[in-house]
1. At q = 0.10, 0.13, 0.15 Å⁻¹, what log₁₀ I(q)/I(0) does segment B:79-329 have when each alpha carbon counts as one equal point scatterer in the Debye sum?
2. Please label the shape of segment A:267-356 as rounded, prolate or oblate, based on the square roots a ≥ b ≥ c of the eigenvalues of the alpha-carbon gyration tensor (a/c under 1.5 means rounded; beyond that, a/b larger than b/c means prolate, else oblate).
3. Take the Cβ-Cβ distance between residue B:201 and residue A:8 as r, set R0 to 22 Å, and report the resulting FRET efficiency rounded to the nearest 0.05.
4. For a footprinting-style exposure proxy, rank B:300, A:279 by other Cβ within 10 Å, fewest first.
5. Going by a ≥ b ≥ c, the root eigenvalues of the Cα gyration tensor, does segment B:218-335 fall in the rounded group (a/c under 1.5), the prolate group (a/b larger than b/c) or the oblate group?
6. Hey, what number do you get for the protein assembly as shown at 222 nm if only DSSP H runs of n ≥ 4 count, each worth -39500 (n - 2.57), divided across all residues, to the nearest 500?
7. Let's see if you can work this out: charge +1 on each Lys and Arg Cβ, -1 on each Asp and Glu Cβ, no other charges. What is the dipole magnitude of segment B:208-322 about its Cα centre, in debye to the nearest 20?
8. Between the helical axis of B:314-329 and the dominant principal axis of chain B, each derived from Cα atoms, what acute angle in degrees is found, rounded to the nearest 10?
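Since every read-out is calculated from the coordinates, none of them should be taken as a lab result. All figures in this text were calculated on a predicted structure; none of them were measured in a lab. Cβ placement follows ideal geometry from the backbone for every residue including glycine, while neighbour counts extend to all protein chains displayed.
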Amino acid sequence: SLQAKMSRPVQAQRLEGIDKNIWVEFVKLAATYSKVNLGQGFPDFSPPGFLKEAFVRALSGENHMVHQYTRAFGHPPLVKILAQFFGKLLGQELDPMTNVMVTVGAYQALFCCFQAFVEEGDEVIILEPFFDCYEAMVRMAGGSPVFVPLRLKAPTDGKLMSSAAWQLDPAELASKFSKQTKAIVLNSPNNPLGKVFSREELGLLAELCVKHDVLCISDEVYEWLVYDGKEHVRIASLPGMWERTVTIGSAGKTFSITGWKVGWTVGPNRLLQHLRTVHQNSVYHCATVGQEAVAQGFQRELELYGKPDSYFIQLPKELQQKRDRLVQSLDAVGMKPIIPEGTYFLVADISQFKSDVPDVPDSSEPYDSRFAKWMVKNKGLAAIPLSAFCCAAHRSSYSHFLRFCFAKEEATLKAANDILQRWKQEKTGP
Amino acid sequence: MLFASRSFCYLGVRKYQLRTDLLLRCINISASATMTFRHKNTRRIEGLDSNVWVEFTKVAADPSIVNLGQGLPDISPPSYVKEELAKAAAVDRLNQYTRGFGHPSLVKALSQVYGVVCGRKIDPLTDILVTVGAYGSLFSTIQALIEEGDEVIIIEPFYDCYEPMVKMAGAKPVFIQLRYKNDGSSASSANWVLDPAELANKFNSRTKAIILNTPHNPIGKVFTREELQVIADLCIKHDTLCISDEVYEWLVYKGNKHIKIATLPGMWERTITIGSAGKTYSVTGWKLGWSIGPQNLIKHLQVVHQNTLYTCPTPLQEALAQAFWIDYKRMGDPDCYFHSLSRELESKRDRMAQLLQEAGLKPVIPDGGYFMIVDVSTLNVDLSDVDEKQPYDYKFVKWMITSKKLSAIPLSAFCGPETKRQFEKYIRFCFIKKDSTLDAAEVVLKNWNKQPA
């Protein structure tokens, strides 16, 4: 009846509980108040010249068909080079047409995975803290997220900790696998912690996936951003894992062009065929010109692989220095940064930092969130509270860390340092 | 049975060892597990894997084939559009993430352009969502507002993605045909009409939305105000939403006017209007589209968007914004691309029609869009020995591609299961093609009756 229809909400039920989004609030705050933005994760330095040139060459070239639809599942030159590149890295013979699919950023790759494989009745294991969209996407697909925490092992000396100290409890992890477990989401190198899962840690996860016949959605967007000679191990290369893993990558993070929104999935045809079905019924084609330029970028990197001029070597080298710069700045003022093994994020423990943030007893908002908001409004420095990367039930366990992004120009990091130094001086005072 | 021997301690580094034989057993077990691999697709995408474009774009990719099939221009986009993209790419900040629901300068430009067109104030932040093509807008709209238990009315023939998108949302598509009304005049897209009584019968309390496409793909029909009023009256009576796909809005030919159903009384509050940069600026490969509507509906599309791909590419949005400003300033001018493209296409339309008529065919002259449908049964091509399971038009197009080196799209691809046989004598040609392509088509059509070499 018309009455019944008018009393129902207009929106679909699949949107329930996923309308809120941390970024909306924090991006707005940063835009309004911040003088130095170490919050949202994107570089404020230039993308590499060779890539910008490739983009302009493509768009202004004689072949104006670069402005028209390309192949829906991925521009041929791009899927070909991705198949070549990742075939080597994964130790697999990859067919560009069936083992690779291009997406609108890694974000849309994740969406395709959840829509293709997760529905009501399915559980998905998410390691916590997590990139926030995993939970929302699992819910939108009708699945139930099951959170397994990474816990910070207590430091044994006075030195700064490494992100390696964030660890899973193997027994706890094993206990979360059930008959309903459809998939586990892995993110290594990890946002927000900067942890790079070791071969042993991945082996444990792999063993459980094989034992319980579970899929692995492996978000490896920061795969090139590893420091101190650490190795990024691809879980799809472990025994028994190729056939059950979708590996996700991102041109945005690989080439410092987050605004191009070019991502990809790599995996067995038996899994990718279903990603293709979701893709062709949701966005269908990805923009051509970005794909053409990224293909050329990968061509260059294939030729320079392992050589000092390779962007995949230069970028982490530069970022490691920036990491160390920020670590120093935070340590000097009494925030305790946990040195990340990878990504361009680090988290810092603010519990010992005597702060001006007013005490609000019985506040339901976690301390780190109040701290971050106060800090951006009063000090002009933007960062993201770690509790934003946790499920609602566990927020209080992660409420005294801030996540900082250090993919920033020297001038930005210096300005951040100045703000922190001034703040410290104001507190210690005359 | 799988087990590993491992040793670990709580403090210090955890390690475990998998013995080699267990490792091998692991691989062997997973190999046999592949025979009963339980990781099938979800129900929501069951049966949605096949797609007419995958089939036909592959076949027509051969450069020796005159491609009038898939709707993509082979003409160049206007040079200022390309220049704006080059300018945008040179700015560092414009190569990084922008606002999720739409780049600020783009949503501002859209709100201005459509504010004028709709005659109302459109809020750039709350009434607009930028998406990956109009395709992405259709998806966001349907995912946001449609679910199991809903019915969605789809007018046949229809742009093929409507049906699978409605099904993926768990809802039931309800089809109604455009029917050819012979009023003695020569075949025009205006002759294809909905029967108001038949349409009214399709509405019930479960009808959540109707999908409207005007100008219409594939027929090229431009719905008149009276026709839109019939639809609007039913939407209001049954409290139904209207998803209005208007990607070809600027491509209307002399004697016709594109009318936005959202501007009819009582319709703004229940309509999502969808547009496309690809069709507006001949840049289908930019994959930018937009949804415009009231905040209380758009906000739900924004939720879908933030949980599917979150942001659209920045430099493309910036370039599009600049192109819109250029044409916004000359909207009353014949030089405005929205008008000049339309004029260019009208002459291509007329040429295409002439070529087909000279070949003895009776094309349906479109009032808008850049497609033309034609009944090929008069050519009497006997394909009865070919695989019977496919409709005639599928077989015809495949035959035409191989033996005449000319491609088109079969019309039954745009029909629901019940109607395929009714449209199987029609094929669709795309005429947004450069002169040399149309010249090549002319050669094929002129030589049609000659024996192949």
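1. After summing over all Cα pairs, the log10 values are -0.48, -0.80, -1.04.
2. oblate
3. After rounding to 0.05, the efficiency reads 0.40.
4. Neighbour counts put them in this order, fewest first: B:300, A:279.
5. It comes out oblate by the Cα gyration axes.
6. That comes out to -12000 deg cm²/dmol.
7. I would put it at about 100 debye.
8. Taking Cα atoms only, the helix is inclined about 20 degrees.
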